[in-house]
């Protein structure tokens with residue numbers, strides 16, 4: 001995910017648009033802290049709805065876990081798995097990779 005500072009947006013707004021046109025979400029930061037997120041308008045956003053699209057995007061980027069995504073959407077974890085399945089997102093492989101990476105830290 002890309003990051004753009006508010007100051008950069010003021011000076012060069014096309015920087016944000018470039019990322020969005022490439023289908024990339026963008027964190028907007030102020031003094032180095034995230035204050036917002038932008039999503040490219042694509043079929044996923046319209047078919048899933050904005051809240052679901054944001055939660056799924058955060059999951060795909062590895063910002064939130066499957067459980068946290070379910071919590072954000074106020075649904076059961078199993079329903080979150082079904083949502084990812086319907087969006088053709090392989091949640092099992094992603095979670096397995098996250099667990100493996102976390103385990104490597106402790107070895």
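The numbers here are math on the coordinates, done by the rules we state, and not lab data. If you're wondering where the values come from, they're calculated on a predicted model, not measured in any experiment. No Cβ is skipped: glycine too gets one built from the backbone with ideal geometry, and neighbour counts run over all protein chains shown.
Things to note:
- For the range 1-40, the relative contact order works out to 41 percent when only alpha carbon pairs closer than 8 Å and six or more residues apart are counted.
- If R0 equals 41 Å, the separation of the Cβ atoms of residue 43 and residue 8 corresponds to a calculated FRET efficiency of about 0.90.
- When you work out D = kT/(6 pi eta Rh) for the range 1-40 at 4 °C and 1.567 mPa s, using the Kirkwood radius from C-alpha pairs as Rh and the Stokes-Einstein form, the result is 132 µm²/s.
- Pairwise centroid distance, computed over Cα atoms, of the range 1-42 with the range 65-90, Å: 25
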